[in-house]
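Chemist: The following block contains the structure, expressed as structure tokens.
The values are calculated or read from the model by the stated rules, or taken from the named source; none is laboratory data. Remember, predicted model here, so these are calculated numbers, not experimental data. Here the Cβ positions follow ideal geometry from the backbone for every residue, glycine too, while neighbour counts run over all protein chains shown. Surface areas here come from the heavy atoms of the whole protein model, side chains and all, with no ligands, DNA or RNA. Shrake-Rupley method; radii C 1.70, N 1.55, O 1.52, S 1.80 Å.
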Amino acid sequence: MGDHEKHRIMMVSDFFYPNVGGVENHVYYLSQCLLKLGHKVVVVTHAYGNRSGVRYMTGGLKVYYIPWRPFFNQSTFPTLIGMLPIIRTILIRERITLVHGHQTFSTLSHHALLNSRIMGYKVVFTDHSLNGFGDVGSIHMNKVLQFTLADVSQAICVSHTSKENTVLRSGLSAEKVFVIPNAVDTEMFKPAFEPPSRSSEIVIVVISRLVYRKGADLLVEVIPELCRLCPNVRFVIGGDGPKRVLLEEMREHNSLQDRVEMLGAVPHAQVRSVLISGHIFLNSSLTEAFCIAILEAASCGLLTVSTRVGGVPEVLPDDMIVLAEPNPADMVRAIQKAITMLPKIDPQVMHNRMKELYNWHDVARRTEIVYARALKCPHQDLLEHLSRHLSCGAWAGKLFCFVMIMSFLLWHLLELWQPADDIEEVPDLIFQTSMMERRGLKKEKKMTDDGEFGTSFF
Amino acid sequence: MDHRLASDSPQFRPRWRKVAYGGMQPGFDDNYTDESFLEGMVMNANVVKRDMLKVMLDSVSISEYLCIVALVVLVWTYTLESTIDENCLLCIDVSLLVSGFLILLYTPEKVSLSILIHHYFLNISFFIIGLYVLAPIYQTLTRSISSDSIWAVTASLLVLHLFLHDYSESTVNAPGALKNPALTSCISVNASVVASVFIASRLPSRLHVFAIMLFSLQVFLFGPLVTYCIKKYSFRLHLCFSISLMVVTLSFVYMLHRLLFVLLLSLLVFVNVVCPYWLIRIQEYKFEINGPWDEAKLCFAITD
């Protein structure tokens, strides 16, 4: 379909390198694979520390770090129309054809989508998280999402559960929402050359932020019980967070110092080395749209035990994962079942299967189809946008319309003040593909710190 | 994955599965939606069916407290008009203190005589002495502020107090209670204390100030505790007490001012009849969605 058409894509998210996480990973790998498919990709994010301006990453991926400071949870302050000038300049400079925003919690992506829609660009949005319907925060977030998605060209979710959630939250028709999961760079997560022996002890690895949502409280209940039932089990816990104290307390209280190892925060580059020291990966999240950590563990040949929440049941075939209800008794049972399954697991076979199941290039190709669909959507003028927004709610609809009109006026003011013709377009740099291919998709973040030019334009 | 499936059923198109692995499913687009879409959604699972009579009876405790505050305001007004003198006020204080203690003693809310003597008696005597010593300060505290401002601020503080008051429990707990009060109920108590100080500062003598402060603080701090104990002891007693309190308040307010009487009466009717009916009616519009995307709830108590 869209194989021959080359797009010029702007990825927008508050979450990007140097921050580490699922969304960051997704944006980075997707951009890299799209570059390889011959598209032009520019990433726009906010400034991290003194990392501000334009940087180049592996494969010529251009990243704009807009000098706006995050104010809460790495999100920029919502100003509704304040971002318009800079977004417009980037759109024109890079001759963008399509804008792709990521993550509900990223105010930057909401801004960019809103502003570029006014300017007539086609927009795609990827939702990476799940959100409830009950509490005040969710209700507010859902209204914002409804606003952003009201006339988004196409939307992408990372799992079917996430799709259901997004459709309910935003009122978008299910036809418009695509399910394209995350993937894993299997080259980075290979099993150990010599798998750890299973005869003497069984090592269970946990790598997650130690917070409530990741189920740190469940771990506190599960670990002592399991250590009591299975004397040959040892735990390795990587990660830091407010609940770490609780886990350490549990370890002291049950005198499990020699059986529960706490590593603290594990840098992403060292995750593999922690994973391959174990046999079973334990995920105790209370909510999860997709869970990349499970993929990384499975790619390293570990058998996964996880809570049955959100999109987790869709992530792996049944023989590669043991699911449990999020209560301590059922989780202990599931881990015991996993221990009996262990002799049948060959890490190398598991790794090879993961290679077939998940692939970033596949993700990029599927995203390409969504882009082609988005570009086929009919062009809408302001009145059509407004009527779409007015139907979003009695009060919210009018508020949304007001914001749309404001940003429309600002856009036309900018057109007078700084005409599009006066904005210099960036020449396309052609990187040596042979060099890129030799490097593969390895994250070579070292070279990113050099190229810093074009900052004067801010 | 797909090869294996295809070999299992060579002549049929493989069925669509709700899974994320294995790449794009052959024959289906990524936006394919089948009938299993939203199958895990549950609507209005936790909705409680409410009974009109029960809601009305529960709302009695709100009107009870409204009456208590109205009575306090009445005493303030009579004191400011010098209808009640300071000796009479002190008598009211002492009788309230004694009756409050007796109620706490006879309703089994973890208060035994020994606790009463050790904990309450000592504290209360410190409290009374402190108030007496500080009375001159209160008396001159707001001398430079005009009375109109004081009435306005006091009225708004009382509204704030009523708005944020914790009607289901008591902010001042019996000794040994585990639960800490919420921030809003603490603000509510503080607002009432400030209102009492403002009123006291308008009074002519130190003894007046002391008596009115003691009265207001007794009611605002310990009134909710006493009514809570009564309610826990026997709901019927609570109802009788509340209704008699309402009758007494209404009759006193009637004697003071007709319009205020009408206002208070309509407020009580609103709280006890209109609001419950309203609550039951809007239950129809309740729309609660649950599904697999919800955050799992832990089935055990977490310690922080």
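Chemist: Using a probe of 1.4 angstrom, how much of the accessible area of the stretch B:60-234 is carbon and sulfur, in percent?
Modeler: Carbon and sulfur atoms account for 70 percent of the accessible area of the stretch B:60-234.
Chemist: Taking beta carbons within 10 Å but only from partner chains, what does the mean come to for residues A:180-191?
Modeler: 1
Chemist: Working out 0.36 nm times the residue gap between B:I187 and B:Y106, then minus their Cα-Cα distance, what length gain in nm do you get to one decimal?
Modeler: Value of the extension gain: 26.1 nm.
Chemist: How far apart, in nm, are two points set 7 Å out from the Cα along the Cα-to-Cβ line at B:S99 and at A:D428?
Modeler: Calculated label separation equals 8.9 nm.
Chemist: A further question on this structure: Rounded to the nearest 10 degrees, what's the angle between the helix A:216-229 long axis and the longest principal axis of chain A, both from Cα atoms, 0 to 90?
Modeler: Between the helix axis and the principal axis of chain A, the angle is about 20 degrees.
Chemist: Taking every residue in A:311-319, how many Cβ atoms of other protein chains lie within 10 Å of its Cβ, on average?
Modeler: That average works out to 3.
Chemist: Also: Taking the Cα centre as origin and putting +1 on Lys and Arg beta-carbons and -1 on Asp and Glu beta-carbons, what dipole magnitude results for the protein assembly as shown, to the nearest 20 debye?
Modeler: 140
Chemist: What is the angle, in °, between the Cα long axis of helix A:107-118 and the longest principal axis of the Cα atoms in chain A? Nearest 10 is fine, range 0 to 90.
Modeler: 30
Chemist: Hey, another quick one. Answer rounded, prolate or oblate for the stretch A:92-196, using the Cα gyration tensor with square roots of eigenvalues a ≥ b ≥ c: rounded when a/c is under 1.5, else prolate when a/b is larger than b/c, else oblate.
Modeler: In terms of gyration-tensor shape, oblate.
Chemist: Further question on the same structure: Mind listing the Cα extents of the protein assembly as shown along all three principal axes, in Å, largest one first?
Modeler: Sorted from largest, the Cα extents of the protein assembly as shown read 100, 75, 53 Å.
Chemist: Give me the 1.4 Å probe accessible area per residue for the stretch B:60-234, excluding ligands and nucleic acids, in Å².
Modeler: 50
Chemist: What nm value, rounded to one decimal, do you get for the distance between A:Q270 and B:V248 when each label is placed 7 Å out toward the C-beta?
Modeler: In this crude spin-label approximation the distance works out to 7.1 nm.
Chemist: Using only helices, what value at 222 nm comes out for the protein assembly as shown when you add -39,500 (n - 2.57) per DSSP H run of length 4 or more and divide by the total residues, to the nearest 500 deg cm²/dmol?
Modeler: The helix contribution divided over the protein assembly as shown gives -15000 deg cm²/dmol.
Chemist: Tilt of helix A:136-149 relative to the longest C-alpha principal axis of chain A, in degrees (0 to 90, nearest 10)?
Modeler: Rounded to the nearest ten degrees, it is 50.
Chemist: Once amide H atoms are placed 1.01 Å from N in the peptide plane, what residues at a sequence separation of 5 or more from A:I202, or on another chain, have their amide H within under 5 Å of its amide H?
Modeler: For A:I202, the qualifying residues are A:V233, A:R234.
Chemist: Can you tally the net charge around B:I137? Count Lys and Arg as +1, Asp and Glu as -1, for every other residue whose Cβ sits under 13 Å from the Cβ of B:I137.
Modeler: Net charge around B:I137: +2.
Chemist: Threshold 20 Å², probe 1.4 Å: give the residues of the stretch B:29-51, in number order, that are less accessible with all protein chains present than with their chain alone.
Modeler: SASA drop of 20 Å² or more in the stretch B:29-51: B:D29, B:D30, B:N31, B:T33, B:F37, B:L38.
Chemist: Apply 1/(1 + (r/R0)^6) to the Cβ-Cβ distance of B:A45 and A:L342, taking R0 = 41 Å, and write down the FRET efficiency to the nearest 0.05.
Modeler: 0.60
Chemist: Roughly how many whole Å is it from the C-alpha centroid of the stretch B:189-215 to that of the stretch B:240-269?
Modeler: 24
Chemist: Could you state how much accessible area B:Y277 has, in square angstrom rounded to the nearest 10, with a 1.4 Å probe and all protein chains kept in place?
Modeler: Rounded to the nearest 10, the figure is 120 Å².
Chemist: So which DSSP H runs in chain B come out at 27 Å plus along the axis (Cα) with average Kyte-Doolittle of at least 0.0?
Modeler: Qualifying helices, which must be both long enough and hydrophobic enough, are B:52-80, B:86-106, B:122-140, B:235-256.
Chemist: Still on this model: Taking 8 Å as the Cα distance limit and 6 or more residues as the minimum spacing, I'd like the relative contact order of chain B as a percentage.
Modeler: 31
Chemist: In the structure shown, do any of B:K49/B:K297; A:K62/A:K355; A:K143/A:K355; A:K122/A:K398 have a Cα-Cα gap over 32 Å, and if so which?
Modeler: A:K143/A:K355
Chemist: Let me ask something else about it. Interface B/A, total buried accessible area with a 1.4 Å probe, nearest 100 Å²?
Modeler: Chain pair B/A: roughly 3300 Å² of buried accessible area.
Chemist: Within 10 Å, count the other beta carbons around each residue, average over each peptide in A:161-167, B:253-259, A:362-368, B:283-289, and list them highest first.
Modeler: Descending packing order for the listed peptides: A:161-167, A:362-368, B:253-259, B:283-289.
Chemist: Taking 7 Å along the Cα-to-C-beta vector as the label spot, tell me the B:E169-B:H257 distance in nanometres, rounded to one decimal.
Modeler: For B:E169 paired with B:H257, the spin-label model returns 3.6 nm.
Chemist: I would also like to ask the following. At what distance in angstrom do the alpha carbon centres of the stretch B:126-153 and the stretch A:151-200 lie from each other?
Modeler: 65
Chemist: For the stretch A:289-416, what is the convex hull (Cα atoms) projected area averaged across all directions, in square nanometres?
Modeler: If I average the Cα hull's projected area over directions, I get 13.1 nm².
Chemist: Counting only other residues whose beta carbon sits under 12 Å from that of A:K355, what net charge do I get with K and R as +1, D and E as -1?
Modeler: Net local charge, A:K355 excluded: -2.
Chemist: Follow-up. Shielding of A:129-138 by partners, i.e. mean partner chain Cβ atoms within 10 Å per residue?
Modeler: For this peptide, the per-residue mean of nearby foreign Cβ atoms is 3.
Chemist: OK, next. Go through A:76-83, A:264-271 and give me the packing order, highest mean Cβ count within 10 Å leading.
Modeler: Top of the packing list down: A:76-83, A:264-271.
Chemist: Also, I was wondering about something else. Output the Cα-based Rg and Dmax of the stretch A:235-283 in Å, rounding Rg to one decimal and Dmax to a whole number.
Modeler: Rg then Dmax for the stretch A:235-283, in Å: 11.3, 33.
Chemist: Of the beta bridges DSSP finds with both residues in the protein assembly as shown, what % are antiparallel, to the nearest 5?
Modeler: Once the DSSP bridges in the protein assembly as shown are tallied, antiparallel ones form about 20 percent.
Chemist: Can I ask one more? For chain B, max minus min Cα coordinate along each principal axis, in Å, sorted largest first?
Modeler: 101, 46, 45
Chemist: Turning to a different aspect of this structure: Find the Rg to Rh ratio for the stretch B:60-234, where Rh is the Kirkwood radius over alpha-carbon pairs and Rg uses the same atoms.
Modeler: Rg/Rh for the stretch B:60-234 comes to 0.96.
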